[in-house]
Amino acid sequence: MLTSSRKAEIFSYFLEYFEKGGFPLVLISGDLELSRGYFEDILNKDVLVRYNIKEVRALKDLVLFLLSNVGRAYSYPTLRKITGIKSLSTIKNYLDYFQNVFLLYQLPRFDYSLKKQKVSSSKIYTIDNSFLKTVAFNFSENKGQRLENLVFVELLRREKELYYHSEKKECDFVLREGMRIKEAIQVSVDLNSPETRKREIEGLIEAMTTYKLDSGLILTFEEDDILDAGGKKLF
């Protein structure tokens, strides 16, 4: 059992990782702006030069939009409209390039039909939370997006096979093992708002019902509780 002082220490390390990401030099120096330089290097050297990109402005608009909308579903036609890139195959190639250089990752919507899964909207996450502070265009603290991104990165590190669930409601992550979905995870900064609590719980329960799961997980910043929702356990 961890002591309260040890818990506080671990949580302080988590907050630093949450705010500054995981680049060693950023953490050692405390200079968050270094991450902007890392981002520019990756984009310019590993994407623009490596893949001989001609539509530089359009590609930069695309990556900025995706970073500013981490955790939100998008479709190729939506991205075409926003960026002005006419070819859907070009947009797909750009997304593949971002993933090839470990900058952005696509999260598909789960469907038992592979054909439907391939044409469904996907979500985007980035490999380091610092980019959401130094590069993304936001008017708010976007803590919810950053926490969700952090959870994605950790699940990716654990080599989980990840999807998101979306029917009438939405669940942030469902984890597949073999032929079955084995876990459902919802992410929220807190559940203080009745509207937020209702939305997050209903999305998780829908996923649990769909994939016949007895329990589900809601990850928040500091809350720790076990909820009983009609015989289903929410941790």
Fill in: Net charge of neighbours whose Cβ lies under 13 Å from the Cβ of K20, counting Lys and Arg as +1 and Asp and Glu as -1
-2
Worksheet item: Tell me, what is the per residue accessible area of segment 74-149 in Å², probe radius 1.4 Å?
Response: 50 Å²
Fill in: Proximal lysines relative to K118, as straight alpha-carbon distance under 22 Å, when same-chain residues fewer than 8 apart are discounted
K81, K86, K92, K160, K168, K169, K182
Worksheet entry | Stretchable slack from S12 to K212, in nm (0.36 nm times residue separation minus alpha-carbon distance) | 68.3 nm
Worksheet item: Taking the Cα atoms of the chain alone, what are Rg (to one decimal) and Dmax (as a whole number) in Å?
Response: 18.8, 57
Worksheet, complete the sentence: Per the rule of 0.36 nm per residue minus the C-alpha distance, extending K92 to T196 adds in nm 34.1 nm
Worksheet entry | Charge context of S68, other residues only, Cβ under 13 angstrom, K/R +1, D/E -1 | +3
Discussion item. Could you check the spin-label model distance between S68 and E141? Points 7 Å from the Cα along Cα→Cβ, value in nm.
Written reply: 2.2 nm
Worksheet item: What percentage of the solvent-accessible surface of the chain, computed with a 1.4 Å probe over protein heavy atoms, is contributed by carbon and sulfur atoms?
Response: 54 percent
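The values are calculated or read from the model by the stated rules, or taken from the named source; none is laboratory data. Note that the structure is predicted; figures quoted are calculated from it, not measured. In this analysis, Cβ positions are derived from the backbone assuming ideal geometry, glycine residues included, and neighbour counts consider all displayed protein chains. The accessibility values were calculated without ligands, DNA or RNA, using every heavy atom of the protein model including side chains. Shrake-Rupley method; radii C 1.70, N 1.55, O 1.52, S 1.80 Å.
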